[in-house]
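Below is one structure, written out as structure tokens; the observations come after it.
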């Protein structure tokens, strides 16, 4: 189950991966969300210029057995104070004052974390933490900004004496993937979930019997469909670099969840490693 379920947020995140007809239903719902609980399936079909069958398929795509349960969930999302609204995210504009930039970036990052909390599934986090606890080795795969997230994870897990390595270029990833074996855990970080280099490495480790964890946007993608455990993030639909910033913050938050989950569960074992690494670094600062 999701930690804080919000159907409207799910629709916004998954809209681009829907069929063209389902997208029409999604776009109408997001643009007219207050009236949706009062519409019959036939009226929603007419309003979205689709059909009863198309609306029902859309409901099933979103994980509901029928229209009634879908409407109940929509109503619950509307009653929540945190209902999603595309205008909550603010993009960088030419000529913005520095004060405005500071406020907007801070708000977008906070919103990305809060929205991620609404779509990430507790059971998947728990499953991923357990796999990491039992792993012989952890290998992370990410390109560009996602690679920076992988490097952050490498630094964290190394501190608790986990055999952990991040690979951020395509050739290195293929080599690392080919050498992984059963008992290892591979973490793939990709906002889109369709980066070719990531999917190539994923296919290799799956053939080697490796448990795979995906950190990716809540959406239908090659990565989300093929990984063993999917940890979804939510990111803003804005056009300039603030969108990438939001996804990076959300991904780093998921890494922190995994690290803290492992460290807390195995605290008696890892506290010595944490203390040792802290003391070594602290001693260097005194010089």
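Counting every alpha-carbon pair across segment 123-236, the share separated by more than 25 Å comes to 10%.
Per-residue ellipticity at 222 nm from helix content only, as computed over the chain with -39500 (n - 2.57) for each DSSP H run of at least four residues, stands at -18500 deg cm²/dmol.
Enter the angle in degrees (range 0 to 90, nearest 10) between the Cα long axis of helix 67-79 and the first principal axis of the Cα atoms of the chain, meaning the one along which they spread out most. Rounded to the nearest ten degrees, it is 70. Computed over the alpha-carbon pairs of segment 176-287, the distance histogram in 10 Å steps reads 13, 32, 30, 20, 5, 0 percent, short to long. Label-to-label distance, residue 91 versus residue 110, with points set 7 angstrom from Cα along the beta-carbon direction: 2.3 nm. Against the chain, whose longest principal axis is taken from its Cα atoms, helix 122-134 shows a tilt of about 20°. Using alpha carbons only, how many degrees (0 to 90, rounded to 10) separate the axis of helix 267-285 from the longest principal axis of the chain? Once rounded, the angle reads 70 degrees.
Histogrammed with a bin width of 10 Å, the alpha carbon distances of segment 85-144 distribute as 16, 29, 28, 19, 8, 0 percent, first bin at zero.
Arranged from fewest to most other beta-carbon atoms within 10 Å of their beta carbon, 99, 124 become 99, 124. Rg/Rh, computed from the Cα trace of segment 9-153 with Rh as the Kirkwood radius, has the value 1.06. Each of 9, 78 was scored by other Cβ atoms within 10 Å of its Cβ. Arranged with the fewest first, they read 78, 9.
In the calculated pair-distance distribution of the chain, the portion above 27 angstrom amounts to 48 percent of the Cα-Cα pairs. With neighbour counts taken as other beta-carbon atoms within 10 Å, the residues 122, 188 rank, fewest first, as 122, 188. Looking at the chain, the DSSP beta bridges with both ends there are about 5 percent antiparallel. Gap in Å between the Cα centre of segment 161-187 and the Cα centre of segment 96-141? Using only Cα atoms to place each centre, the spacing works out to 21 Å. Across every direction, the projection of the convex hull enclosing the Cα atoms of segment 7-79 has a mean area of 4.0 nm².
Readers should treat all values here as calculations from the given coordinates under stated rules, not as data from a laboratory. Quick caveat: nothing in here was measured; it's all calculated off a predicted structure. All Cβ positions, glycine included, derive from the backbone under ideal geometry; neighbour counts span all protein chains shown.
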